[in-house]
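The values are calculated or read from the model by the stated rules, or taken from the named source; none is laboratory data. Because the structure is predicted, anything quoted here is derived from the model rather than measured. Every residue, glycine as well, gets a Cβ built from its backbone with ideal geometry; the counts of neighbours run over all protein chains shown. For accessibility, only protein heavy atoms count, side chains too; no ligands or nucleic acids. Shrake-Rupley method; radii C 1.70, N 1.55, O 1.52, S 1.80 Å.
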Amino acid sequence: MSEQKQERLVRIGVPSKGRLSELAAQLLADAGLSFRRSDRSLFAKCKDMPVEITFLRTDDIPVLTAEGAIDLGITGADLVAESGAEVVHRLDLGVGSCRLAMCVADDSPVTDPRQLAGKRIATSFPRITRRWLAERGVDAHFVELSGSVEVMIALGVADAIVDLVETGSTLAANRLRIFAEIGRYETVLIQNHRIADPALADRIVRRLEGIVIARSWSLLEYNVPRSRLAEAETITPGFNSPTVMALEDPEWCAVRAMVRRGEAHAIMERLDAIGASAVIETQIANCRL
Ligand code: PRP
């Protein structure tokens, strides 16, 4: 209790609605920072840490972090880049990955950004797009919008658009094609430069990092003949290095290693092929590495 009193309250800004709002709440809860939001309230207190959650518009979070209204913020890296806000990037959160792409109509002859000189480009990302075009010596006319960018070519308002692409279904539905990728982004945790309690912020970052890593790695355990151990270690080098344990049978040993979750099936097949047995994949709930 007395330890908590000495700590200042850290304010974390999270999106107030949408998919990102749910992802952020789940991530914080998994990191032991659960909160309950009452209807329409803009604030919520975390139960077990001196942390206050502030619910904000996702695109306001970069500038509000830079201004110190919040100490930490969860938002899209695309919005951080577009805002130009001076914040500290603390952590990639492993969710919300998307591309920012320059797109034209399916039947457009455009293949090179230089063909867009003097043309109209509709986007919600004018700052990033202008810089990208300037690097290529292209000056275009901008139609700056806050949404529904994908219909602007059909409406006759633009010759090209720059928009976020996740699955590509919005582009397909509007008969558009990507002809240049401008950037790749994901959801990030950002921090104010002059935070009052950096130690508490570091604790929060470490907790979130543990969850982000746990979500993208699995633990693989298996037995393998000692004669094939070197090959097994090449297949599963682990996060740092694999743990190797002796078995009763001196010809065999047991191995434990972290593997990227998305690669687990392929790795298990490769272990099969070198004679490994009792291969078990376990989900990691949390970790500190
Ligand atoms: C975003 C983006 C695209 C769409 C891409 O829009 O602007 O329109 O998602 O996703 P897809 O490649 O999976 O189809 P969002 O739904 O966030 O709303 P907005 O149009 O108001 O920006």
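Observations, loosely collected:
- Qualifying positions in segment 87-141 - of a type outside the set (Lys, Arg), within 19 Å of the chain's Cα centre (by Cα) and either open to solvent by 40 Å² or more (accessible area, probe 1.4 Å) or under 30 Å from residue 206 (Cα atoms) (or both): 87, 88, 89, 91, 92, 93, 94, 95, 96, 97, 98, 100
- Any hit, segment 81-89, residues being among the aliphatic types (A, V, I, L, M) and within 16 Å of the ligand (Cβ to nearest atom): yes
- Selection of first residues in segment 185-209 that are touching a residue at least 12 places away in the same chain (Cβ under 8 Å) and of second residues that are open to solvent by less than 30 Å² (accessible area, probe 1.4 Å) and among the hydroxyl-bearing types (Ser, Thr, Tyr), restricted to Cβ pairs under 8 Å at least 6 apart or on distinct chains, gives the following pairs, ordered by first then second residue: 187/75; 188/75; 190/65; 190/75; 191/65; 192/65.
- Among the residues making up segment 162-194, those that are under 19 Å from residue 83 (Cα atoms), more than 9 Å from the ligand (Cβ to nearest atom) and either in contact with an Asp or Glu (Cβ under 7 Å, 6 or more places away or on another chain) or not charged (D, E, K, R) (or both) are 162, 182, 183, 185, 186, 187, 188, 189, 190, 191, 192, 193.
- Of residues in segment 95-105 being touching a helix residue (DSSP H, G or I) at 6+ places or on another chain (Cβ under 9 Å) and modelled with pLDDT of 95 or more, the one nearest to residue 76 (Cα to Cα): 98
- Lone qualifier among 218, 169 - being free of Cβ contacts under 8 Å to residues at least 12 places away in the same chain and either more than 20 Å from residue 76 (Cα to Cα) or among the small types (Gly, Ala, Ser) (or both): 169
- Condition met for residue 213 (more than 14 Å from the ligand (Cβ to nearest atom), touching a residue at least 60 places away in the same chain (Cβ under 8 Å), under 30 Å from residue 242 (Cα atoms) and surrounded by 16 or more Cβ atoms within 10 Å (Cβ to Cβ)): yes
- For segment 158-182, the set of residues classified as open to solvent by less than 10 Å² (accessible area, probe 1.4 Å) and either assigned to a helix (DSSP H, G or I) or closer than 20 Å to residue 97 by Cα (or both) consists of 161, 162, 165, listed by residue number.
- Odd one out for residue 243, checked against (1) more than 30 Å from residue 88 (Cα to Cα); (2) within 25 Å of the chain's Cα centre (by Cα): (2)
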